[in-house]
1. Find the lysine pairs in region A:2-205 meeting two conditions, Cα atoms under 22 Å apart and a separation of 8 or more places or different chains, and report how many there are.
2. Is it possible to state the helix-based mean residue ellipticity at 222 nm for chain A, with each DSSP H run of 4+ residues giving -39500 (n - 2.57), the sum divided by total residues, to the nearest 500 deg cm²/dmol? What is it?
3. Given a 1.4 Å probe and no ligands, DNA or RNA in the count, how much accessible surface is buried by A and B, both sides, to the nearest 100 Å²?
4. Given R₀ = 30 Å, what would the calculated FRET efficiency be for A:K202 paired with A:K45, taking r from the Cβ atoms and rounding to 0.05?
5. Over the alpha-carbon set of chain B, divide Rg by the Kirkwood Rh and report the Rg/Rh ratio to two decimals.
6. Within the protein assembly as shown, which cysteines find no other Cys whose Cβ is under 4.7 angstrom from their own?
7. Using the Cα gyration tensor of region A:11-131, with a ≥ b ≥ c the square roots of its eigenvalues, what is the shape: rounded (a/c below 1.5), prolate (a/b larger than b/c) or oblate (neither)?
8. Give me the Debye-computed log₁₀ of I(q)/I(0) at q = 0.20, 0.30 Å⁻¹ for region B:200-251, equal point scatterers on Cα only, no solvent, two decimals.
Amino acid sequence: MYNLSIPISDENILQLKVGDSVSLSGVMITGRDTVHKWMIETFIKETRQMEGDDLQVYQAIKRLLNGGALYHCGPIVAGLETGDYRFVAAGPTTSIREEPYQGDIMRHFNLKAVIGKGGMGPKTLTACHEVPGVYLHAIGGAASLIAQSVQRVIDVHKLDFGVPEAMWVIEIKDLPLVVTMDAHNNSIHAEVETRSMVELEKLLAT
Amino acid sequence: MHDLTNAFLELIRLTSTDLPTDVEQSLIEARDRESPGSAAKSALDTVLQNVAMARKNSTPICQDTGTPIFYVQQPEGWSTQALREQIRTAVAEATARTYLRPNAVNAITGLNSGNNLGDNAFPTIHFEEIKGDELIVDLMLKGGGCENVGVQYSLPEGRLGAGRDLEGVRKVVLNAVHQAQGRGCAPGVLGVAIGGDRGSSYYGSKEALFRKMDEPNPDPQLAALEERLTEEANQLGIGPMGFGGETTVLGVKIKGMHRLPASFFVSISYMCWAHRRRRMTVRGSDIQYL
């Protein structure tokens, strides 16, 4: 078990191997489908003009993402009326939808850890090697339990994206995760997919 | 006929926070089959801890409370318009109380309605008038991750060598499990409909998921196929969360339907391990939650 704190050093990232358990603490942000598309279009490919508070939000998240962690999560949040936010349920969402964007986002922000479920593909694995970074797997559906690791909600950006799609800035303590993609080009997801394909072919032949 | 808004609210709370015991039992058995010290066992331990915590604290098992899908069977005389209004009011209230996440996103504007109320299909409500004096309401909360790995095949499917028979069905179902890997929050439950048109077939695949984990298919031929598919899907070794392991699916539920001569659809709805489904029955003033 590795205890890691955000920001995470290259040295810490490079020692991690697939299968390792990690307990993560520090300040990170959530971000999923709308956020990834917004980041790529507005700041990386610049195919969309900045508007509203885009620049302000960019500057705020840039600091957090540098050496930091991005959690693929659309939480259930209490206190929406008062602004006294509290995470009620906060498991990971399926990461593969961000595969077209993730690698470029990791490079742009020097993002060290992507947290989600279900794993990602070859583009992200390449970025993990280059940045270097890791993909950390949270337990899908364990939402009430994971919410207990969220010590407090510090801020929220782009709440107009909707509660699940906003960027929630949270402080976590001892979030339990498993390294399933490391900085050394190893992916448990690629391995399991290949191995299960061999079994599938055997079953289809019978 | 009385106002059932509060009863619907309780049905939603129970469904979101209290996993049915038959599903929990399947998860316990799956956990016990995984080897000690494995990532698979540890994942299922976490899952079971979470189930217990959600029940105790009355908080959602999973943050993705999905599309609320109601199947209402009403005796003659009940107004479906009134029932729809009561369900919609209860859904909005359940969202305000954080039993549900606001999930209704306008696909054109991208705006989240904030209260889980969208068009007539959000929440989804199916009505069917039945004989007798008991109102039966089934609710399923189906998250997006597992909904995304659902798939529909049109047989014959040449690439898989799947013809228009149960052997062909077996092949496409196994392919679907492989395609899904751990992304639908394995170990899941497969709802499979054979036949129908594209729409009714998917609808049937969700209906199939209401059958209890330990309740066998009444058709012995389909019961045998369900058992074989469960065993073979688990031979794929994808395991909990896709970490590799003994249990990839907890069970398979098949529903046979009628089809057009030209069509042979096999529709697969993948339900994540957080198989949230509950039934409420109403007879006079007596309300039961099952």
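The values are calculated or read from the model by the stated rules, or taken from the named source; none is laboratory data. For clarity, every value in this text was computed on a predicted model and none was experimentally measured. Cβ placement follows ideal geometry from the backbone for every residue including glycine, while neighbour counts extend to all protein chains displayed. Quick note on the areas: whole protein, heavy atoms, side chains included, nothing else; ligands and nucleic acids left out. Shrake-Rupley method; radii C 1.70, N 1.55, O 1.52, S 1.80 Å.
1. Taking region A:2-205 as the scope, the lysine pair count is 21.
2. Values: 7 runs with 68 residues, N = 206.
Dividing the helical sum by the residues of chain A leaves -9500 deg cm²/dmol.
3. Values: alone 10010 and 13280 Å², together 19870 Å².
Summing both chains' loss of accessible area gives about 3400 Å².
4. Numbers: r = 44 Å, r/R0 = 1.45.
After rounding to 0.05, the efficiency reads 0.10.
5. Working: Rg = 19.1 Å, Rh = 19.7 Å.
Value, to two decimals: 0.97.
6. If one checks each Cβ against the other cysteines of the protein assembly as shown, A:C73, A:C128, B:C62 turn up with nothing under 4.7 Å.
7. Values: a/c = 1.65, a/b = 1.13, b/c = 1.47.
In terms of gyration-tensor shape, oblate.
8. Debye output, listed in q order: -0.81, -1.07.
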